[in-house]
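This report concerns only the one structure given below.
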Amino acid sequence: MRWLNDQRHFKPNKTQFALTQKGSAGVFHFVKPHIFEVDLHDASLRTKVPELDALFHSTELLQVLASHLPHYELQFGTSDRTLKLQRNAGHGGCFPCHYDNPGAPNKRKLTCLLYLNEGWTEGDGGEVQLFPFLQPPVTVAPKMDRVVLFQSDWMLHRVLPSHAERYVLTIWLDGAKVNAPEDSQLRLTQSDLADWFGFLDRLRRSPVQRLLSRGVYEEEYYESLMQCMQSTATEGCVELHETHLENVKRNAPLYNFIQRLRDVRAMTNEDPVYVK
């Protein structure tokens, strides 16, 4: 990875912000300061490092994961997986709160992170922080050879500011049944209200939470956007975030429901988890 960086093959990473205004959906892109990546779908780059080309075509990881997670129906074609090398140059580089699969037509089901940071020490930063819906956050240190797995379509997460150079290999694996129509529609029935705690448990394990997370985690989104963008295009990101929240507030039933979920989150008595 250092050789690829020395040869200037890493390109700036961009963050994507989807927003619906006046009934029409739009997507905005912002360059993240200090974050760079190599997409291994680029065959000309893979061939420069034979080990990476072999990894790209290997199905060993897929076979193991598919045997333990058959209900995900992971796909085996090279077009059904994405591999990226990422370099964080430090200087506070980080990622805002996001889902790796924000919605259709994306088919990502599983995210695999492999950290490649020799000599990482507490204080270097760059931890991934996971937000299991309505539950305490889980923060994981990016130590050498550590692997982190989570569901791409229902695990909100961010990367905390890094104060040292940080490398990671990310693999996204597609599933056969991802982003079905019911995954992008919030339907709250009387039976859901009657079994409130059962409904919350289902929501924690459902992609539907993506429709609610910007309101439920309003402060975390705002903080992570400010940290990520630093002085670069901060106003544009914050404006889009605030516009989304304004759209939510105009829908009184949805806004009231989000407030109820925020209350649920505030009442948790469990402590945040830090994996050293």
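None of the figures in this text is laboratory data; all of them are computed from the coordinates on show. If you're wondering where the values come from, they're calculated on a predicted model, not measured in any experiment. Heads up, the Cβs are rebuilt from the backbone with ideal geometry, glycines too, and the neighbour counts pull from every protein chain shown.
List of remarks:
- The listed peptides 80-89, 45-54, ordered by packing as a protection proxy, come out as 80-89, 45-54 (highest mean of other Cβ atoms within 10 Å first).
- Shape class of the chain from the alpha-carbon gyration tensor: prolate, with a/c at 1.5 or above and a/b greater than b/c.
- The phi-based Karplus calculation (6.51 cos²θ - 1.76 cosθ + 1.60; θ = phi - 60°) puts the 3J(HN,Hα) values of the stretch 68-83 at 8, 10, x, 5, 7, 6, 4, 9, 9, x, 5, 7, 9, 9, 10, 10 Hz, whole numbers, x for Gly and Pro.
- For the stretch 240-257, Karplus couplings with θ = phi - 60° (6.51, -1.76, 1.60), whole Hz, Gly/Pro x: 5, 4, 5, 5, 4, 5, 5, 4, 5, 5, 5, 9, 4, x, 5, 4, 5, 5
- Under the simplified labelling scheme, the Lys11-Asp53 pair shows an inter-label distance of 2.0 nm, with each label point 7 Å from Cα along Cα→Cβ.
- Each residue, Trp3 and Glu242, gets one label point 7 Å from its Cα in the Cβ direction; the gap between the two is 4.9 nm.
- Listed pairs Lys84/Lys107; Lys11/Lys48; Lys109/Lys143; Lys32/Lys143 exceeding 20 Å between Cα atoms: Lys109/Lys143; Lys32/Lys143
- Near His98, once Lys and Arg are set to +1 and Asp and Glu to -1 for all other residues with Cβ below 13 Å from its Cβ, the sum equals +3.
- Highest-first arrangement of 202-211, 114-123, where packing means the average Cβ count within 10 Å: 202-211, 114-123
- Note on Lys249: lysines with a C-alpha under 19 Å away, same-chain residues under 8 apart excluded, are Lys22.
- For the pair Ala104 and Ser44, label points projected 7 Å from Cα toward Cβ lie 3.6 nm apart.
- Measuring r between the beta carbons of Arg260 and Val27 and using R0 = 45 Å, the FRET efficiency lands at 0.90.
- Total formal charge among the other residues, if their Cβ is under 10 angstrom from that of Glu73, Lys/Arg +1 and Asp/Glu -1: +1
- Between Asp271 and Thr121, the contour length at 0.36 nm per residue exceeds the Cα-Cα span by 51.7 nm.
- Degrees, to the nearest 10: 218-229 long Cα axis against longest axis of the chain: 30
- Net dipole in debye of the stretch 1-270 [+1 Lys, Arg Cβ; -1 Asp, Glu Cβ; about Cα centre; nearest 20]: 460
- The helix-based estimate of mean residue ellipticity at 222 nm for the chain, built from -39,500 (n - 2.57) per DSSP H run of four or more residues and divided by its residue count, is -9000 deg cm²/dmol to the nearest 500.
- Using C-alpha pairs under 8 Å with a sequence gap of at least 6, the mean separation divided by the residue count of the stretch 1-270 gives a relative contact order of 20 percent.
- Once backbone amide H atoms are built at 1.01 Å from N, Tyr274 has Thr139 as its partners under 5 Å, excluding neighbours fewer than 5 places away on the same chain.
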